[in-house]
Structures are given as structure tokens and as C-alpha cells.
Amino acid sequence: MALPIRFTTLGCRRIAGLPKAMKNPRFFSASAISMARISEAIKDDHRELEQAYNNIINAKTSEDKTKWRNQFTWELARHSIGEELVVYPQFEKYLPDGHDMAQKDREEHLQVKKLLYKFQDLTPEHADFESTLQSLWSELKEHINEEENYDLKALEEKLDQAQSESMVNSFNRTKKFIPTRSHPSAPDKPPFETVAGLLTAPIDHLRDIFRSFPDDSKSQMPP
């Protein structure tokens, strides 16, 4: 009997009855994603970050807070660099004010990276744990709102479906090979950011093996 399916935000078919790991939309290859646009992919990441943030706040134990801190760090580091490598150069290519827009977003990312760098190793027992997280989320939330309500809309108006879909594939592939921790002193523009990321990423990925994450988190998925 055929298994029921439903579609996720990015258009992946999620099949009921499969193991939990395979139900994760990140399990499927880029070829399984159809009719996706880059704005949808970015917004999907934003919702994942918001959920991880809320899970840190609402976690009842220090262990769970630490796991979600690691998940939040993992997602935010990859998302930020992925945008800088794949999305911001397209602002500069397609939009009249794209250079200023990209530069502003990079500057906002730098502030977020500095706060994440401070937060990513704080234990839940540390006096600055919650205040640092709140400051980080405040900066990030403002950036997310601007990006979703203006930047991405402006870019999508210049892209056809094929161009936007190609960016989704590049964005998802790029996130597999870049650092999973904050390195605010690293370059934030290609090609130098690409080189720095390729040098730093293996160290971060090795360290991830020894960090605890929530059960079935995307960080536990195979590349």
C-alpha cells in the first residue's frame, strides 16, 4: 500500500512510516527539491533558528539547554556564511543598491557573529548565559525581519524560477562544507571567506562529534 506523503516548506516529500532520520527534509538530495525559491530556503532556516532559540529558553534541564545551544550555534554559523557566499553576491549582481545592501547585511552578521562567539561556549549556569542569548536574538531578529521583508523580496523580483532554484541548491550544498562555529575574525567575502571556511570547517566538524545535540537534530544527519 502506498505511503501517504505531504510537502514541506521547501517542497520535499515527507513520507509517513519512514525512520525519523529519513523523514528530515535535509535527508533528501537537492534533486528531490522542486519548485523551491531562495527566499523560502532562507525563511526555512530562520524558522529553524527561532525554534532552537525558543527551545533553549524553554528547556527544563541544563543538559537540554546545552544541546539546543549547540544546535542553535551549528545552524546560525552555517546559515550566516551560506548567505555571505551564495546570497549576498547576488544582491550585488542584480540589485541597483545591492552593494550597499550586501555590505549592511555583512556588518549586521558581524555583530551577530561576535555575540554568537561569546555565547557558543557559555554554560547554562554562567551568569551571562541568558542575557547574552537575549542580546544575540535581539540583533538576529531585527536582521531577519529586514532580510525577509525587503532584501529577499527585492532579489526575488529579479530572479526567474530556475535562477532562484539554482541558488537554493548552491546554498544547501555550501552549508555542508563551511564552519559550524562562529569565527568573527574570518573574512566575510568570497573568495577569501571560501578559503578560510575550507580551512576551518574540518576542525569544527571534528569538534561537533564530541558535542551533544538534540535527538534527531539536523546536525546528526549524514552529508
Single residue of VAL168, VAL195 found to be modelled with pLDDT under 95, assigned to a helix (DSSP H, G or I) and over 29 Å from LYS65 (Cα atoms): VAL195
Among the residues of segment 119-142, write down those that are over 17 Å from ARG207 (Cα atoms) and among the charged types (D, E, K, R). GLU125, ASP128, GLU130, GLU139, LYS141, GLU142
Given (1) loosely packed, with under 13 Cβ neighbours inside 10 Å; (2) more than 21 Å from GLN161 (Cβ to Cβ); (3) modelled with pLDDT of 50 or more, GLU48 misses just (1)
State all residues of segment 131-140 that are open to solvent by 60 Å² or more (accessible area, probe 1.4 Å) and either under 17 Å from GLN90 (Cα atoms) or touching a residue at least 12 places away in the same chain (Cβ under 8 Å) (or both); if no residue qualifies, say none. GLU139
Under 6 Å between Cβ atoms, which residue pairs at least 6 apart in sequence (or on different chains) link something in segment 69-95 that is farther than 21 Å from ALA52 by Cβ with a partner that is of a type in the set (A, V, I, L, M, F, W, C)? VAL86/PHE171; TYR88/ALA102; PHE91/MET101; PHE91/ALA102; GLU92/ALA102; LEU95/ALA154
Here's a check for you: in segment 142-185, which residue that is out of contact with any Lys or Arg (no Cβ under 6 Å at 6 or more places or on another chain) and basic (Lys, Arg) is surrounded by the fewest Cβ atoms within 10 Å (Cβ to Cβ)? LYS153
Single condition LYS189 does not satisfy, out of (1) open to solvent by less than 60 Å² (accessible area, probe 1.4 Å); (2) modelled with pLDDT under 80; (3) part of a loop (DSSP other than H, G, I, E, B): (1)
Of ALA59, ALA36, ALA32, ALA21, which residue is at pLDDT below 95 and surrounded by 16 or more Cβ atoms within 10 Å (Cβ to Cβ)? ALA36
So in segment 93-116, with the set limited to residues that are more than 26 Å from SER164 (Cβ to Cβ) and of a type outside the set (S, T, N, Q), which one is surrounded by the most Cβ atoms within 10 Å (Cβ to Cβ)? LEU116
With respect to the numbered conditions (1) in contact (Cβ under 8 Å) with a residue 12 or more places away in the chain; (2) farther than 24 Å from ASP215 by Cα; (3) not charged (D, E, K, R), which one is the sole condition not fulfilled by ALA127? (1)
With the condition kept exactly as written, say whether any residue in segment 117-125 is assigned to a helix (DSSP H, G or I) and open to solvent by 30 Å² or more (accessible area, probe 1.4 Å). yes
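The values are calculated or read from the model by the stated rules, or taken from the named source; none is laboratory data. Since this is a predicted model, take the numbers as computed values, not measurements. Every residue, glycine as well, gets a Cβ built from its backbone with ideal geometry; the counts of neighbours run over all protein chains shown. Calculation scope for accessible area: heavy atoms of the full protein, side chains included, ligands and nucleic acids excluded. Shrake-Rupley method; radii C 1.70, N 1.55, O 1.52, S 1.80 Å.
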